[in-house]
Amino acid sequence: MTIYQDILGARKWKKVEEVKKGWSLEKKFKITLDSGETRLLRIVDREQTERKQREFKLLSDLKPLNIWMSTPIETGICNGGKSVYTLFTWLEGQDAEILLPKYSLEKQYALGKEAGEILKKLHSYSAPKRQPQWEKRYNEKIDLKIKAYQQCGDSLEGDQYYLKYINENRHLLIDRPQCFQHGDYHIGNMILNDQRELGIIDFNRFNFGDPWEEFNRITFSAEVSTEFAIGQIHGYFRKEVPLKFFKLLKFYIAVNQIAALPWALEYGRADVEIIKELSQKTLKSYGDFIASKPNWYREKSRD
């Protein structure tokens with residue numbers, strides 16, 4: 001028996017293909033219906049039921065934003081009661097990180113601006129009113145991430161620069177606003193179709209928090225296209241970018257780099273080396289974390 005066989009209507013599915021891309025613990029499948037339509041099926045352990053129900057409601061609430069994204073269709077229990085599933089719309093296209101470098105610099109920048117505008121739309125969804133203060137929540141998270149890093153048995157060259165900046169700038173978290181967060185917003189979770197439309201996928205790490213924290217993975221996007229990364233910042237702010245943004249960008253990137261190593265160790269040596277290489281490039285882009293902005297950033301728009 002397959003883990004999805006007891007989902008109502010599954011026996012009528014024409015084709016089921018496992019999707020192995022990404023690092024999620026969820027099982028993912030591309031479903032082809034008898035009608036020829038396609039769906040995305042995500043399955044995870046039943047202990048995640050409450051979170052998956054919240055995800056279903058939140059993503060349904062985002063529909064009026066008119067973003068091309070995976071939207072939920074149905075959710076329920078499967079795998080003999082051991083798992084929870086969600087069926088989503090399928091975004092037909094190719095990975096943006098593969099297609100983007102083939103485009104002109106102008107188009108890369110334009111798509112980056114679109115990514116920034118989409119992110120701004122997502123952030124228009126407010127956090128619950130009783131959400132605990134961001135300063136308290138995130139400082140607790142930082143402490144856990146640093147502890148995990150120090151106990152992981154490996155290290156990043158130049159980690160003292162990250163740790164110093166983090167500990168000297170925690171005050172930046174005071175009175176930060178909170179909103180809906182995608183949770184893993186970077187070029188690896190974006191799709192481009194034949195019309196070069198940009199779609200957003202993999203909302204399974206959704207959360208509520210500081211909207212500017214969503215830029216903590218922009219280093220991944222800049223690795224593929226600095227024009228796209230610049231465009232994302234310009235598209236998000238539209239006008240002048242606040243100075244405090246760059247201070248917090250640097251802060252959140254530092255935290256993310258520290259957290260990335262223990263995470264990568266769970267997936268194998270190849271991923272560890274990727275994280276270490278990216279860390280070196282990040283340190284270099286900030287001049288050993290002395291510069292206020294990464295050297296790939298450009299103030300001027302391409303418009």
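The values are calculated or read from the model by the stated rules, or taken from the named source; none is laboratory data. Computed from a predicted model, the values in this text were never measured in an experiment. Cβ placement follows ideal geometry from the backbone for every residue including glycine, while neighbour counts extend to all protein chains displayed. When the accessible area is computed, the model is the full protein with side chains, heavy atoms only, and any ligands, DNA or RNA have been set aside. Shrake-Rupley method; radii C 1.70, N 1.55, O 1.52, S 1.80 Å.
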Quiz item: What is the pair-distance distribution P(r) of the range 59-196, computed from all Cα-Cα distances in 5 Å bins starting at 0, with each bin given as a whole percent?
Solution: 2, 7, 12, 13, 13, 14, 16, 15, 7, 1, 0
Self-check item: Whole-number D in µm²/s for the range 53-139 (Stokes-Einstein; Kirkwood sum over Cα pairs; 20 °C, 1.002 mPa s)
Solution: 131
Quiz item: Using the Karplus equation 6.51 cos²θ - 1.76 cosθ + 1.60 (θ = phi - 60°), what ³J(HN,Hα) coupling, rounded to whole Hz, does each residue of the range 223-232 give in order, writing x for Gly and Pro?
Solution: 4, 8, 7, 5, 4, 5, 5, 4, x, 4
Exercise. Compute the length gained on full extension between Ile290 and Asp271: take 0.36 nm times their separation in residues and subtract their Cα-Cα distance, giving the result in nm to one decimal.
Key: 4.1 nm
Quiz prompt | Pair Lys21, Asn169: separation of 7 Å Cα→Cβ label points (nm) | solution = 3.2
Quiz item: Phe245 to Gln131: FRET efficiency via 1/(1 + (r/R0)^6), r the Cβ-Cβ distance, R0 22 Å, to the nearest 0.05?
Solution: 0.55
Practice problem: In debye, nearest 20, what is the charge dipole magnitude of the chain about its Cα centre with +1 on Lys and Arg Cβ and -1 on Asp and Glu Cβ, if you could check? | Solution: 540
Quiz item: Of the heavy-atom accessible surface of the range 226-303 (probe 1.4 angstrom), what whole percent is carbon and sulfur?
Solution: 54
Quiz item: Taking the Cβ-Cβ separation of Asp61 and Asp95 as r and a Förster radius of 41 Å, what is the calculated FRET efficiency to the nearest 0.05?
Solution: 0.90
Quiz item: In a GNM of the chain with a 10 Å cut-off on Cα contacts, which of Ala254, Ala127, Ala115 has the highest mean-square fluctuation?
Solution: Ala127
Self-check item: Virtual spin-label span in nm between Glu299 and Lys30, 7 Å along Cα→Cβ
Solution: 4.5
Practice problem: At a Cα cut-off below 18 Å, give the aspartates and glutamates reachable from Lys27, other chains included and same-chain residues fewer than 8 away excluded. | Solution: Asp6, Glu17, Glu18, Asp45, Glu47, Glu50, Glu55, Glu74, Asp184, Asp202, Glu266
Quiz item: Any number yet on Rg/Rh for the range 154-279, C-alpha, Kirkwood?
Solution: 0.97
Quiz item: What percent of all Cα-Cα pairs in the range 1-127 falls in each 5 Å bin, counting up from 0?
Solution: 2, 9, 16, 19, 18, 16, 10, 6, 3, 1, 0
Quiz prompt | Long-range HN-HN contacts of Gly76 with modeled amide H, under 5 Å | solution = Tyr85
Quiz item: On the accessible surface of the range 53-135, probed at 1.4 Å, how many percent belong to carbon and sulfur atoms?
Solution: 50
Quiz item: How big is the chain in terms of Cα radius of gyration and Dmax, in angstroms?
Solution: 19.9, 59
Quiz prompt | Average accessible surface area per residue within the chain, 1.4 Å rolling probe, Å² | solution = 51
Exercise. Just order 72-83, 56-67 by mean Cβ neighbour count inside 10 Å, highest at the front, would you?
Key: 72-83, 56-67
Quiz item: Using all Cα-Cα distances in the range 1-72, what percent lands in each 5 angstrom bin from 0 up to the longest?
Solution: 3, 13, 20, 23, 23, 14, 3, 0
Exercise. Would you compute the Debye intensity of the range 212-291 from its alpha-carbon atoms alone, equal scatterers and no solvent, and pass along log10 I(q)/I(0) at q = 0.16, 0.17, 0.23, 0.25 Å⁻¹ to two decimals?
Key: -0.63, -0.71, -1.18, -1.31
Quiz prompt | Cβ charges +1 (Lys, Arg) and -1 (Asp, Glu), total dipole of the range 149-301, debye | solution = 580
Quiz item: Which residues' amide hydrogens lie under 5 Å from the amide hydrogen of Gln181, considering only partners 5 or more residues apart or on another chain, with H built in the peptide plane?
Solution: Asn207, Phe208, Gly209
Exercise. Tabulate in residue order the Karplus-calculated ³J(HN,Hα) for the range 86-100, using 6.51 cos²θ - 1.76 cosθ + 1.60 with θ = phi - 60°, rounded to whole Hz; enter x for Gly and Pro.
Key: 9, 9, 10, 5, 9, 8, 7, x, 10, 4, 4, 5, 8, 6, 3
